[in-house]
Amino acid sequence: MRHFFFAEDMGPKGNTGRLSSDPANFSIEPISIGRPYSKQNLIRRRQADVLYGRLASRRIASFAPDVTISGNTPLEAQAPILRGVHQAGSAFVFWMQDFYSLAAAKILRRKVPVVGHAIGAYYWRLEASLLRRSDGIVLASEDFKPALKDFGVSDDAADVIPNWGALDTLPLRPKDNSWAMRHGLSGKFVFLYAGTLALKHNPDLLWALAEHFESDPEVVIAVAASGVSYDALKARNVLQPKPNLVFLPLQPMDVFPDVLGAADVLVALLENDAGPFSVPSKVLSYFCGGRPILLSAPPSNLSVRLVEQAAAGLCVPAGDRQAFVAAAGRLRAESHTSARFGAAGRAYAENAFSISSVADRFEATFGKAVGRSRGSS
């Protein structure tokens, strides 16, 4: 087994090096395009995605696996990967974390109204083609199934395997831990956002928190992130400094338990454009952290149902600044409520995130995909 990853993409990746507990037949290999990767310039991003896809296709083919699963991959990288995998005689499983084309179409229509519609249609056709040519599909949510039919893919071609938090690598940590002390967060009430802060995440809500708690010297809004909205928030803070806003880069996995432990409230954001077609994995990691969650997301999104089902925090509709700030104020004022939410989230994680049952389901999916691949060839 080999795990490949895009070296220049600065988004969260988990561990990118072997652990002593890893089996001998498991390896990790970075794939580098040899130049910086940025999501801000759409043309350069597309060129980099295509290049990464070509390089990844060759590396995967040289490894010659029986089955390849590819997730969180831009469509123009996914296309050469799928083509190369099939040419090498490997089964291909498309791991759907969200519908790239649907999200891209909404964002592009808003940002480039005339051309955006045509570009969105191109990505829709590309994603539909990739899904129909895949030997297996893993959906992160039952909510994805209706859209899958719109792409001309039957239900029996896909398996729903919900995402999970890495419970075994995210033990509970005390609030005043070494990481918190190192970054000046010890002794403060910390609203923490951790992970990608991209176009589908509204940084104005983090700014609203900074404004609302500006007169409370004990409150800090810590943002340990990367992405275009993170860069925009930092730029705004240069022009209008907020002393209670703390900016940090994405943190490595070996300190992530301490990062979560340093928080009093864990913040998650998702714009209305995402609708039901995006499942933020950070919410699942937040459950493991044992802290209350403050979530702004569309009511139709799975993350809202999960937080409410687990009774792990407060959810407000995406973009509702007043409700978001009010919920934050409640979590700040009601320590007993926050403690109850945090404990409930951790209990949910301990009950729901069994890695052995997840592995069994993936193995079944791989077996079916290999059978389909060999049958078609």
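Please list the radius of gyration and Dmax for the chain, considering alpha-carbon atoms only, with Å as the unit.
Here Rg and the maximum Cα pair distance are 20.9, 67 Å.
Please list, in order along region 85-91, the HN-Hα scalar couplings obtained from phi with the Karplus expression 6.51 cos²θ - 1.76 cosθ + 1.60 (θ = phi - 60°), rounded to whole Hz, x for Gly and Pro.
4, 5, 5, 7, x, 9, 6
List 142, 76, 211 from most exposed to least, where exposure is judged by having the fewest other Cβ atoms within 10 Å. Write out the running numbers ahead of the final one.
On the way: 142 11, 76 20, 211 16.
With the fewest neighbours first, 142, 76, 211 line up as 142, 211, 76.
For residue 300 and residue 155, calculate 0.36 nm times their separation in residues minus their Cα-Cα distance, and state this gained length in nm to one decimal.
Working: separation 145, 0.36 × 145 = 52.20 nm, distance 2.10 nm.
Separation in residues times 0.36 nm, less the Cα-Cα distance, equals 50.1 nm.
In nm, to one decimal, how far is the residue 343 label point from the residue 204 one, both placed 7 Å along Cα→Cβ?
Label-label distance for residue 343 and residue 204, simple model: 3.8 nm.
What net charge do the residues around residue 299 carry, taking every other residue with its C-beta under 15 Å from that of residue 299, with Lys and Arg at +1 and Asp and Glu at -1?
Numbers: positive: 305; negative: 143, 271, 273, 308, 320.
It works out to a net charge of -4.
Past 23 Å, Cα to Cα: identify those pairs from 39/188; 39/282; 188/234; 39/234; 13/242; 200/368, in the order given. Walk me through the numbers before you get to the answer.
Working: 39/188 33 Å; 39/282 20 Å; 188/234 21 Å; 39/234 16 Å; 13/242 30 Å; 200/368 34 Å.
Violating the 23 Å limit, Cα to Cα: 39/188; 13/242; 200/368.
Express the Stokes-Einstein translational diffusion coefficient of region 167-352 in µm² s⁻¹, to the nearest whole number, given a Kirkwood radius over alpha-carbon pairs, 4 °C and a viscosity of 1.567 mPa s.
The Stokes-Einstein estimate is 80 µm²/s.
Can you put 201, 86 in order, fewest other beta carbons within 10 Å first?
Numbers: 201 28, 86 20.
So the residues, fewest neighbours to most, are 86, 201.
Give a residue-ordered list of calculated ³J(HN,Hα) values for region 22-30 (Karplus: 6.51 cos²θ - 1.76 cosθ + 1.60, θ = phi - 60°; whole Hz; x for Gly, Pro).
For region 22-30, the Karplus-derived couplings read 5, x, 5, 8, 10, 9, 10, 9, x Hz, x marking Gly and Pro.
Set the Förster radius R0 to 22 Å, insert the Cβ-Cβ distance between residue 356 and residue 142 as r into 1/(1 + (r/R0)^6), and round the FRET efficiency to 0.05.
Details: r = 22 Å, r/R0 = 1.00.
Calculated transfer efficiency: 0.50.
Restricting to DSSP H runs of at least four residues, report the calculated mean residue ellipticity at 222 nm for the chain, -39500 (n - 2.57) per run over all residues, nearest 500 deg cm²/dmol.
Values: 14 runs with 177 residues, N = 377.
Value at 222 nm, helices only, nearest 500: -15000 deg cm²/dmol.
Going by how many other beta carbons lie within 10 Å of each one, how would you line up 33, 119, fewest first? Mind dumping the intermediate values first?
Numbers: 33 20, 119 16.
Going from sparsest to densest Cβ surroundings: 119, 33.
Could you compute the net charge surrounding residue 173? Neighbours are other residues with a C-beta less than 15 Å from the C-beta of residue 173; K and R count +1, D and E count -1.
Working: positive: 175, 182, 291, 346; negative: 168, 176, 254, 258, 264.
Result for the local shell: -1.
Calculate the spin-label point distance for residue 129 paired with residue 2, positioning each point 7 Å from the Cα along the beta-carbon direction, and give it in nanometres.
2.7 nm
Determine the sum of side-chain charges near residue 51: Lys and Arg each +1, Asp and Glu each -1, restricted to other residues whose C-beta is under 14 angstrom from that of residue 51. Please report the intermediate quantities before stating the final value.
Values: positive: 35, 44, 45, 46, 54, 58, 59; negative: 8, 9, 49, 76.
The answer is +3.
In debye to the nearest 20, how big a dipole does the chain give about its Cα centre with +1 on each Lys and Arg Cβ and -1 on each Asp and Glu Cβ?
On the way: 41 positive and 35 negative charges, 206 e Å.
Dipole about the Cα centre, nearest 20: 1000 debye.
Which far-off residues, 5 or more places away or on another chain, put their amide H under 5 Å from the one on residue 195, with H placed in the peptide plane?
Counting only residues 5 or more places away or on other chains, the set is 224, 225, 226.
Where Rh denotes the Kirkwood radius from the mean inverse Cα pair distance, what is Rg over Rh for region 92-204? Before the final figure, lay out the partial values.
Working: Rg = 19.8 Å, Rh = 17.5 Å.
Checking Rg against Rh, the ratio lands at 1.13.
Using Cα pairs under 8 angstrom and six or more residues apart, how large is the relative contact order of the chain, in percent?
Values: 664 pairs, mean separation 56.8, N = 377.
15 percent.
Once the convex hull of the C-alpha atoms of region 1-158 is built, how many Å³ does it hold per residue, rounded to a whole number?
Working: hull volume 20.4 nm³, N = 158.
Hull volume normalised by residue count: 129 Å³.
In whole percent, what relative contact order does region 167-352 give with Cα contacts below 8 Å and a gap of six or more residues? The partial results should precede the final answer.
On the way: 366 pairs, mean separation 43.7, N = 186.
For region 167-352, the relative contact order is 23 percent.
Taking θ = phi - 60°, what integer Hz values does the Karplus form 6.51 cos²θ - 1.76 cosθ + 1.60 yield along region 322-338, in sequence order, with x for Gly and Pro?
4, 5, 5, 5, 5, 5, 4, x, 5, 5, 5, 7, 10, 5, 5, 5, 4
By how many nm would the segment from residue 326 to residue 186 grow when fully extended, if each residue of separation counts as 0.36 nm and the alpha-carbon distance is taken off?
On the way: separation 140, 0.36 × 140 = 50.40 nm, distance 2.44 nm.
Working it through step by step, the gained length comes to 48.0 nm.
Read the figures in this text as sums done on the coordinates, not as results from a lab. What you see is a predicted model; the values in this text were computed from it and never measured. Quick reminder, even Gly has a Cβ in these numbers, built from the backbone with ideal geometry, and neighbours come from all protein chains shown.
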